[in-house]
Each structure stands twice: as C-alpha cells, then as structure tokens.
Amino acid sequence: MSKRIRHYITVGVIALASFHSGGFAQFSPGELSRPHESLEGMGKCLQCHESGNEISGKKCLTCHQEIKSVIDAKHGLHAENASKACIACHKEHLGRDAQTMQFDRRAFDHPMTGFSLAGTHGTVKCEECHAKKNIKNAAVLGVAGATNRKTFLGLSQSCAGCHADRHDGTMSNDCRTCHTAKGWKPATGFDHAKTKFALLGKHAAVGCAKCHPIFDVRDKEKPVLFSTKEFSDCTPCHASPHSERFAKQPCSSCHSSEGWSATRLRTKFNHDQTSFRLIGRHATVACEKCHTAQARSAGKGLKLAHNRCTDCHEDYHKGALERRYIGDCVACHTPAGFRPSTFTLEAHAVTRFPLTGSDVATPCEKCHTHDALGCTVLHFVSTRCESCHKDKHGGQFAREMAEKSCAQCHSTDDWRPRAFDHAQTGFILAGKHARTKCERCHKPVNIAGAMTVQYKGLKPTCESCHSDVHDGQFAIRAETRCEKCHQPEGWKMLAFDHNKQSAFELSGAHVRVACRQCHKEERRGDRAFIRFKPISMKCESCHA
C-alpha cells in the first residue's frame with residue numbers, strides 16, 4: 001500500500017471519528033496500556049502516529065526523554081539498536097494491564113546492550129543488578145520514581161555501578177586492572193611492579209599478609225586495604241642486625257633483594273674504594289671469579305695482582321703479541337668486552353699492510369681467520385694479493401703477478417679495472433672498439449677445468465671477432481685485411497679508393513653510379529653476399 005493511500009485512509013478515519021462522536025469503538029484497534037491511558041481518543045492519534053507513515057519512534061522519543069538520553073549517550077540496548085523502530089519490541093492497544101515490553105528473559109541476548117555477561121555475571125539474577133539503587137541515569141531514575149515501575153534502564157557498565165569499593169579508595173577505580181569477571185580472587189591482573197615498591201628478588205615469594213594488614217574478603221563491611229606504612233630503605237619491615245656504626249648507611253649499599261648473604265659485597269659494595277675500579281663487564285663478574293678460594297688459601301685474601309690483564313685472564317693470542325704489548329690488552333680491548341676489538345685503522349696503517357679502498361670495510365675475520373688451535377691469526381708470511389685472493393684468471397697473468405702484483409690492473413677501490421691501457425697488449429682500441437664492452441671480445445673459456453674469461457691468446461685480426469661478409473673475396477693466404485677498406489669508426493666509413501685499389505678507374509658518369517648498380521648480390525648456398533671481385537671490366541658486361 002503506498003504512503004499516499006495510507007495517508008488518505010488515516011485522514012478519513014480521523015474525519016469520521018470527529019463526525020460521529022459515538023463511533024470511537026468502531027475504529028480503535030484496542031485500549032492503550034495504563035501508562036499511555038492519557039493518550040486515549042481519536043483526536044490524539046497523531047501524538048504517536050505519523051500521518052501517512054508507519055510509527056518510526058521519533059514521536060516516542062519526544063516524551064520518553066529517558067530513552068533519548070541513553071541513545072544520545074550511545075549507551076545500552078537502545079543505543080545499540082537505535083536504527084530499529086520502537087514497535088519492534090514495544091506493543092500497544094493490548095489493554096490497560098498489558099505489558100508493552102515484549103521479550104523473553106531466558107532468550108534475551110544480553111550482549112545487545114553492549115555489556116556481555118561474562119564469568120560469574122552469567123549466574124546473577126536480573127533483579128540483583130537492575131535494582132533502583134543501581135540506576136545512575138537521572139532521567140531514568142526520575143521516571144522510575146514517578147511511576148514506581150520496574151525498569152532495566154539507567155545502569156552504568158563500570159564495576160562501581162554495582163559493586164562497592166572494597167579498597168576504600170586506596171586502589172584504582174577501574175577494578176578490571178586487577179580483577180576479572182570470573183571471580184574476585186585471585187586478582188590475576190594486579191602488577192606490583194606498578195606500585196611504589198616493585199617486588200624484586202626474594203620479595204616476590206613473600207606472602208601478602210607479611211607486609212599488608214590481615215584481611216578477610218568475606219567481610220563485605222570491612223574494606224580491604226593494601227596501603228602500607230611509609231617505607232624507607234628496608235625499614236619498617238626489616239630490623240638492622242648491625243651495630244650503630246652502620247646505622248647511617250642504607251642497607252642497599254651492601255645488600256640487595258636477591259638475598260641478605262648471597263649478594264653481600266657483590267652488587268652494592270663500592271669497589272672504587274679499592275685500587276681497581278670495576279668498569280664494563282668487570283662490574284657484573286661474581287666476586288668469587290677473582291677472589292677465589294685458592295687466592296684466599298694462599299694468604300692473598302682480597303688483595304690481588306691486577307697490573308696486567310694476564311694476571312687474571314689467559315692470553316688468548318698465545319704470546320703472539322707479547323713482545324709488542326707485554327700483556328697490556330687495553331691496546332686492542334676494553335673492559336666493555338673482548339669483542340669488538342678497538343684496534344683502529346690508524347693503528348693498522350703502521351703495520352706492513354695499510355688498509356685502503358674496500359679493504360677498509362672488510363670485516364677483520366675475513367683475513368684474520370683461526371688457526372688449528374682456534375687462535376686468531378695476526379701475523380702473515382706474505383701480504384701479496386694471492387695470499388688471500390684466489391687467481392680468477394686461471395694463471396694467464398702469472399708472470400705479471402710474479403714480477404709486480406695485481407695492482408697493475410686492479411685497485412682496492414674496485415675489482416673492475418678503470419684505467420687499463422689496452423695499447424700495452426699491442427691492440428689499440430680506436431673508434432667503436434673503444435666503446436665496446438670488454439666481454440664482447442673477452443669471453444668465458446675453460447682453463448684447467450675452471451671457467452674464466454680469456455684475456456691472452458686472442459688474435460688481433462678482424463675475423464677473430466667479426467664474420468667475413470664478403471665470403472672470402474678479399475682473402476690473401478686465408479687472411480683478410482679489413483682495414484684496407486674499413487675504419488674502426490664504423491663499418492660504412494670506407495677508406496677504399498676505387499681508382500687506386502682496383503683495376504677499374506671511376507671517371508665521367510661512372511663516378512655518380514651507385515655501387516649496387518655494378519656490384520650485385522649473389523648467393524652461395526644459404527649465404528648472401530655482394531660480388532666485388534672478380535668482375536668483368538668490359539662495357540657490355542654492364543651496358544646493353
């Protein structure tokens with residue numbers, strides 16, 4: 001039925017009702033509930049009904065401000081289902097004493113309210129939470145008080161909305177930081193580290209009642225307090241077993257929460273008072289590692305020799321550096337750790353092998369490997385390239401490397417040569433040859449069972465790289481001298497002089513004739529080539 005037809009029917013009904021005052025019972029769908037009894041009568045229909053439309057709920061919210069307040073606050077069932085019409089859950093015209101709110105408590109989906117009944121909440125009766133004492137919304141409380149009707153609206157979803165503060169303000173207002181819906185105890189979310197006193201060492205195993213007043217959680221009238229007396233250092237829980245001369249020193253100067261005797265003089269003792277300051281990793285070493293039972297039995301007590309690192313540490317380098325550093329490891333190492341070494345590039349520069357180029361970024365262990373005993377190799381018999389690098393040329397430059405070194409072509413900046421003088425090979429790179437990539441001529445070959453790029457043994461003749469497009473016409477004793485006609489600047493840049501290099505001098509009109517007019521394409525098998533010689537020099541060979 002269209003909106004326009006419904007509108008006409010509604011107007012007609014109202015008009016008839018006004019004309020026949022005694023005809024109310026003929027058009028009313030039934031009595032309104034008692035709370036809406038004041039809206040009874042045909043003249044008041046449009047206070048709830050919308051002309052030409054179904055009931056959307058807009059007019060309902062005009063009166064029911066308690067519902068509008070929770071929708072505006074985006075809280076609760078009505079806010080979660082604000083898109084639905086009111087009549088989806090509330091029915092009218094069922095009689096004075098009828099319930100307008102139609103729902104089955106047992107089948108009600110509580111998460112629709114935005115509050116899931118988790119843990120023990122699922123076993124609580126509705127009335128225990130939905131009680132007038134727990135209503136926090138002023139608008140809902142006003143309606144409930146005026147009508148003396150039960151309502152499920154107006155509750156807060158915070159713990160304090162239903163539960164009393166058992167801690168009397170000494171803890172956070174958000175109970176969920178410590179407790180869960182499964183039960184009050186245990187408080188699995190409580191983190192003592194977030195208090196003023198973190199439980200460290202043996203404190204973590206101490207029962208709560210040892211420090212906090214004894215409490216009984218079953219006594220709902222008695223607050224459960226966790227605040228303690230003001231504490232300073234180890235008091236007021238621990239009594240000092242020392243004499244008065246230690247009274248002014250805090251316990252933490254010698255002890256820690258790890259244990260009274262196990263950590264004595266270990267983590268808190270000020271070792272700076274001795275002649276050996278504990279810095280770096282020395283500060284974390286257990287006292288017994290240096291102050292051993294053997295040292296004490298030898299009568300040394302707590303006084304140890306410490307002028308040289310080797311007084312305590314074994315010489316990792318097995319005496320390789322003894323002559324230079326005399327056991328003074330601080331030239332390369334620090335108390336912060338044995339690795340990485342503090343041996344600098346400047347120090348390396350005064351050795352037999354100064355680091356340059358990419359060698360500077362090479363990790364030390366790439367060259368300084370370990371020997372059979374596991375010691376780092378620091379001294380080398382030779383500093384030549386081949387002592388570390390494998391010959392990638394398969395011995396092609398063995399003589400050059402023996403006489404000089406790899407530095408003839410390479411540098412530590414880059415493996416690829418950048419300034420190699422090709423003229424030293426006897427083959428000058430001119431014209432297009434100078435712009436040709438090395439690998440176009442120098443190709444991989446198998447030398448002694450290993451693939452490497454061939455640099456030596458290449459012929460400098462053209463046909464060693466280029467195919468003979470003339471099919472052997474200019475070969476003399478199986479060798480073609482391409483340079484007689486062509487130039488390195490380009491194949492088509494000819495140096496050929498027809499008058500000097502052939503038996504047929506070009507004169508007159510012959511000078512303007514295109515080469516292809518006399519030199520025709522021929523085929524020999526599957527190859528095509530231009531015929532240059534021999535060609536008949538008789539006129540009739542070209543002219544009819």
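The values are calculated or read from the model by the stated rules, or taken from the named source; none is laboratory data. These figures come from a predicted structure and were not determined experimentally. Virtual Cβ from ideal backbone geometry, glycine too; neighbours counted across all protein chains shown.
Could you please find all residues in the range 60-104 being over 20 Å from V140 (Cα atoms) and in contact with a Lys or Arg (Cβ under 8 Å, 6 or more places away or on another chain)?
Passing the criteria: R96, D97, A98.
Might you check whether a residue that is loosely packed, with under 10 Cβ neighbours inside 10 Å, at pLDDT below 85 and more than 60 Å from the chain's Cα centre (by Cα) occurs anywhere in the range 479-499?
The answer is no, given that none of the residues of the range 479-499 is loosely packed, with under 10 Cβ neighbours inside 10 Å, at pLDDT below 85 and more than 60 Å from the chain's Cα centre (by Cα).
Within the set of pairs 6 or more residues apart or between chains, which connect a residue that is among the aliphatic types (A, V, I, L, M) inside the range 156-185 to a residue that is part of a loop (DSSP other than H, G, I, E, B) with Cβ atoms less than 8 Å apart?
Close Cβ pairs (under 8 Å, with a partner that is part of a loop (DSSP other than H, G, I, E, B)) amount to A160/N173; A164/K220; M171/C178; M171/F226; A181/A118.
For the range 528-541: of the residues being of a type in the set (D, E, K, R) and surrounded by 10 or more Cβ atoms within 10 Å (Cβ to Cβ), which is modelled with the highest pLDDT?
This residue is R531.
For E489, which of the numbered conditions (1) in the same structural domain as A398 (by TED's automatic domain parsing); (2) touching a Lys or Arg at 6+ places or on another chain (Cβ under 9 Å) fails to hold?
(1)
Give just the number: which of (1) over 30 Å from T284 (Cβ atoms); (2) assigned to a loop (DSSP other than H, G, I, E, B) does D315 not satisfy?
Among (1) over 30 Å from T284 (Cβ atoms); (2) assigned to a loop (DSSP other than H, G, I, E, B), D315 violates only (1).
Take T113 and decide whether it is surrounded by 14 or more Cβ atoms within 10 Å (Cβ to Cβ), under 46 Å from the mean Cα position of the chain (by Cα), of a type outside the set (D, E) and in the same structural domain as L77 (by TED's automatic domain parsing).
Yes, satisfied.
Condition (residue is in contact with a Cys (Cβ under 9 Å, 6 or more places away or on another chain) and among the small types (G, A, S)) applied to the range 472-480: is it met by at least one residue?
Checking the range 472-480: not a single residue is in contact with a Cys (Cβ under 9 Å, 6 or more places away or on another chain) and among the small types (G, A, S).
Of the residues in the range 467-502, how many are outside any loop (DSSP other than H, G, I, E, B) and not hydrophobic (A, V, I, L, M, F, W, C)?
Count: 12.
Of everything in the range 287-325 that's modelled with pLDDT of 75 or more and on the phi > 0 side of the Ramachandran plot, which residue is surrounded by the most Cβ atoms within 10 Å (Cβ to Cβ)?
Per the criteria, the residue is K318.
Name the helices (runs of 4 or more DSSP H) wholly within the range 40-101 that hold at least 3 residues that are out of contact with any His (no Cβ under 9 Å at 6 or more places or on another chain) and farther than 17 Å from F152 by Cβ?
Of the helices (runs of 4 or more DSSP H) lying wholly inside the range 40-101, those with at least 3 residues that are out of contact with any His (no Cβ under 9 Å at 6 or more places or on another chain) and farther than 17 Å from F152 by Cβ span 58-63.
Looking at the range 170-206, which of the residues that are assigned to a loop (DSSP other than H, G, I, E, B) and closer than 15 Å to S158 by Cβ is nearest to the chain's Cα centre (by Cα)?
Ranking the qualifying residues of the range 170-206, first place goes to C178.
What number of residues within the range 43-99 are modelled with pLDDT of 85 or more, surrounded by 15 or more Cβ atoms within 10 Å (Cβ to Cβ) and among the small types (G, A, S)?
Result for the range 43-99: 0.
What number of residues in the range 503-544 are part of a loop (DSSP other than H, G, I, E, B) and either touching a residue at least 40 places away in the same chain (Cβ under 8 Å) or touching a Lys or Arg at 6+ places or on another chain (Cβ under 8 Å) (or both)?
5
Being closer than 27 Å to H78 by Cα, aliphatic (A, V, I, L, M) and surrounded by 15 or more Cβ atoms within 10 Å (Cβ to Cβ), is that true of even one residue in the range 157-176?
No, that holds for no residue.
Which one of these does M401 not meet: (1) free of Cβ contacts under 8 Å to residues at least 24 places away in the same chain; (2) surrounded by fewer than 13 Cβ atoms within 10 Å (Cβ to Cβ)?
All conditions are met except number (2).
Do you know which residues across the range 180-191 are surrounded by 13 or more Cβ atoms within 10 Å (Cβ to Cβ) and more than 23 Å from G76 (Cα to Cα)?
Within the range 180-191, W184, A187, F190 meet the criteria.
Could you list, ordered by first residue, the pairs with Cβ atoms under 9 Å in which the first is in the range 49-66 and assigned by TED's automatic domain parsing to the domain that holds C89 and among the basic types (K, R) and the second is surrounded by 13 or more Cβ atoms within 10 Å (Cβ to Cβ) and in a loop (DSSP other than H, G, I, E, B), at least 6 apart or interchain?
These pairs meet every condition: K58/E50; K59/C48; K59/H49; K59/E50.
Restrict the check to the range 138-146 and report whether at least one residue is out of contact with any Asp or Glu (no Cβ under 7 Å at 6 or more places or on another chain), in a loop (DSSP other than H, G, I, E, B) and not hydrophobic (A, V, I, L, M, F, W, C).
Looking through the range 138-146, none of the residues is out of contact with any Asp or Glu (no Cβ under 7 Å at 6 or more places or on another chain), in a loop (DSSP other than H, G, I, E, B) and not hydrophobic (A, V, I, L, M, F, W, C).
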